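The values are calculated or read from the model by the stated rules, or taken from the named source; none is laboratory data. Remember, predicted model here, so these are calculated numbers, not experimental data. Here the Cβ positions follow ideal geometry from the backbone for every residue, glycine too, while neighbour counts run over all protein chains shown. Just the protein is used for accessible areas: all its heavy atoms, side chains included, with ligands, DNA and RNA removed. Shrake-Rupley method; radii C 1.70, N 1.55, O 1.52, S 1.80 Å.
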Amino acid sequence: QVQLVESGGGLVQAGGSLRLSCAASGRTLSTYAMAWFRQAPGKERDFVARIARDGITDYAASVKGRFAISRDNAKNAVYLQMNSLKPEDTAVYYCAGSQYSFSRSTAAYTYWGQGTQVTVSS
């Protein structure tokens, strides 16, 4: 079992930055593909970014060039650096882990955090 806990969310003005953290316990993250998803009120949970065990990254078109996902296996953590934030980035952001898949689909991820709220004001 892996327990994931997100932190770093908050209220920021448009154009600002936030760094989300996802801390893991229970098992080492080095053997997991990790991802960030987000869910706005009344909408589905959408893919944001993912990072493979070997460090390969992939981003949703809406955040490419503004967001950066990274991992620190020594700290058993994954991060999402969010720059040039827009009001449409407002959502609850979730960290997720998968031992077997490197996917953009929520169904591929077994482990989820509780989420952290990001609110971007215009």
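Observations, loosely collected:
- Modelled spin labels at residue 13 and residue 108, positioned 7 Å past Cα toward Cβ, are 3.9 nm from each other.
- Over segment 58-122, the Kirkwood radius and the radius of gyration, each from Cα atoms, give a ratio Rg/Rh of 0.97.
- Dividing the alpha-carbon radius of gyration of the chain by the rule-of-thumb value 2.2 N^0.38 Å gives 0.97.
- The chain: relative contact order as a whole-number percent, Cα under 8 Å and 6+ apart: 36
- Taken per residue, the accessible surface of the chain reaches 49 Å², heavy atoms only and a 1.4 Å probe.
- Distance between modelled label sites at residue 43 and residue 83, nm, 7 Å Cα→Cβ extension: 2.3
- Dipole-positive endmost among 13, 99, 119 within the chain (Cβ charges, Cα centre): 99
- Taking θ as phi - 60° and the Karplus parameters 6.51, -1.76 and 1.60, the scalar couplings of segment 29-34 work out to 7, 4, 9, 10, 7, 10 Hz in sequence order, x denoting glycine and proline.
- Surface/4 estimate of mean projected area, convex hull on alpha-carbon atoms of segment 1-42, nm²: 4.4
- Under the Karplus curve 6.51 cos²θ - 1.76 cosθ + 1.60, θ = phi - 60°, whole-Hz ³J(HN,Hα) for segment 91-102, x wherever Gly or Pro sits: 4, 8, 9, 10, 9, 9, x, 9, 7, 10, 10, 10
- Within segment 4-122: Cβ-based charge dipole about Cα centre, in debye rounded to nearest 20 (Lys, Arg +1; Asp, Glu -1): 100
- Rounded to two decimals, the Cα-based Rg/Rh of segment 35-96, with Kirkwood Rh, is 0.97.
- Under 15 Å from the Cα of residue 64 - aspartates and glutamates, other chains or at least 8 residues apart: 46, 88, 89
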